[in-house]
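Notes to accompany the following structure.
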Amino acid sequence: MHNSAHLPCDQILQTLVLFIDHELPSEQEYQSYMTHFQECADCNEEMLHESTAVAFLKELLQMNCNEQAPQELHDRILQQTEELAGQSQVQFFSSSTTITNFTFDGTTSIQVTQEFTQEIRHDFNEEQ
């Protein structure tokens, strides 16, 4: 295998799926992979093999996992989302303040702690 000073083969092979799925952090890194594949026949061969396998799996999943959710489910999710949005406008708030005095090395310090609590309750069941 080729051992590029910029990207070693083991790094290329460990992150090959990121390259294949175009999920590398930057265009510069993508170009570094392309350069590596041009210089390293072993890694290029592995990339082509993995690209073919990933494309096959994606096509297989699209053909077999393309089921539509029932309209009733869509309607329930929309209703519950709208109810939550309405509840977020009328919420239960509580707050508490704690004042603590303490002395360390002759210096008195006061610590004020405020705590806010927000609560939204909703029972999600099928019968509404």
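Mind listing just one residue for me: the one in segment 65-80 that is loosely packed, with under 10 Cβ neighbours inside 10 Å and more than 25 Å from the chain's Cα centre (by Cα) and, of those, nearest to Cys9 (Cα to Cα)? Going through the qualifying residues, I end up with Pro70. A search for C-beta distances below 7 Å between a residue of segment 41-58 that is within 14 Å of Asp10 (Cα to Cα) and any residue that is among the aliphatic types (A, V, I, L, M), counting only pairs 6+ apart in sequence or on different chains, returns Asp42/Met1; Cys43/Met1; Cys43/Ile12; Cys43/Leu13; Glu46/Leu13; Glu46/Leu16; Met47/Leu16. Scanning segment 21-36 for residues that are in contact (Cβ under 8 Å) with a residue 12 or more places away in the chain and either of a type in the set (A, V, I, L, M, F, W, C) or touching a His at 6+ places or on another chain (Cβ under 6 Å) (or both) yields a count of 1. The residues in segment 50-83 that are within 30 Å of Val17 (Cα to Cα), modelled with pLDDT of 85 or more and not acidic (Asp, Glu) can be counted, and the count is 9. One residue stands out among those in segment 1-29 that are aliphatic (A, V, I, L, M), farther than 13 Å from Asp42 by Cα and outside any helix (DSSP H, G or I): the one that is modelled with the highest pLDDT, which is Leu24.
The values are calculated or read from the model by the stated rules, or taken from the named source; none is laboratory data. Owing to the predicted nature of the structure, the values given are computational and were not obtained by experimental measurement. Glycine also receives a Cβ, built like all others from the backbone with ideal geometry; neighbour counts cover every protein chain displayed.
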